[in-house]
Each structure stands twice: as structure tokens, then as C-alpha cells.
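Notes follow once the structure below has been shown.
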Amino acid sequence: KGDLNRDGIVDARDASIVLSFYSNMSVNNTCDYNMRMEMILIGDMNNNNMVEASDASIILAEYSANSTRY
């Protein structure tokens, strides 16, 4: 969960995808149904059935925690 670009790493690039999606949905509120479902499945980090800025924050926190482990 959280690896939106499917590169095997949950990092700032994934958080950027979440923020872009959230921004687009906030302005246009249009999106392909399959893309929306995929974003919710992978990008909804707090399990509230929405993709929002808080999900990007969770992704960044997870990335930070994983980056500082020995």
C-alpha cells in the first residue's frame, strides 16, 4: 500500500502522485472510474475511502521512518 508508481519503494514520488490526484479531484472532480478505484485501493493510507493530502503525509512519514532504519 502506498506504492502508486509501483517501483517497489514507498517514497516522495508516491506522495506526489497522491497530491496531484487530490488536487485534480478538488478542482475537476472527474476521473476515470478504474483510476479512482486504484488510487483509493493503493493511495488511501488512512482507510477512509478518500485520497487526500493526509494520505500523502502518511506516505512521507512511512518513507522517512524506513529511510532512517539501520
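The values are calculated or read from the model by the stated rules, or taken from the named source; none is laboratory data. Only a predicted model underlies this, so the values are computations on that prediction, with no experimental measurement involved. Note: ideal-geometry Cβ built from the backbone for every residue, glycine included; neighbour counts use all protein chains shown. Keep in mind that these areas ignore ligands, DNA and RNA; they rest on the heavy atoms of the full protein, side chains included. Shrake-Rupley method; radii C 1.70, N 1.55, O 1.52, S 1.80 Å.
A few remarks follow.
- Residue 9 buried (at least 18 other Cβ atoms within 10 Å of the Cβ) and among the hydrophobic types (A, V, I, L, M, F, W, C): no
- Enumeration of residues in segment 26-50 that are assigned to a helix (DSSP H, G or I) and open to solvent by less than 30 Å² (accessible area, probe 1.4 Å): 39, 42, 43
- Taking every residue in segment 1-29 that is over 15 Å from residue 44 (Cα atoms) and pairing it with any residue that is at pLDDT below 95 and of a type in the set (Gly, Ala, Ser), at least 6 positions away or on another chain, yields no pair with a Cβ-Cβ distance below 8 Å.
- Number of residues in segment 54-70 that are open to solvent by 40 Å² or more (accessible area, probe 1.4 Å), closer than 14 Å to residue 19 by Cα and aliphatic (A, V, I, L, M): the value is 2.
- Where a residue in segment 49-70 is more than 15 Å from residue 8 (Cα to Cα) and modelled with pLDDT under 95 and its partner, wherever it lies, is open to solvent by 70 Å² or more (accessible area, probe 1.4 Å) and charged (D, E, K, R), with Cβ under 9 Å and at least six apart: 51/36
- Among the residues making up segment 4-25, a single one is in contact with an Asp or Glu (Cβ under 8 Å, 6 or more places away or on another chain), part of a helix (DSSP H, G or I) and modelled with pLDDT under 95: 22.
- Output for segment 24-48, where each listed residue is hydroxyl-bearing (Ser, Thr, Tyr) and closer than 21 Å to residue 12 by Cβ: 26
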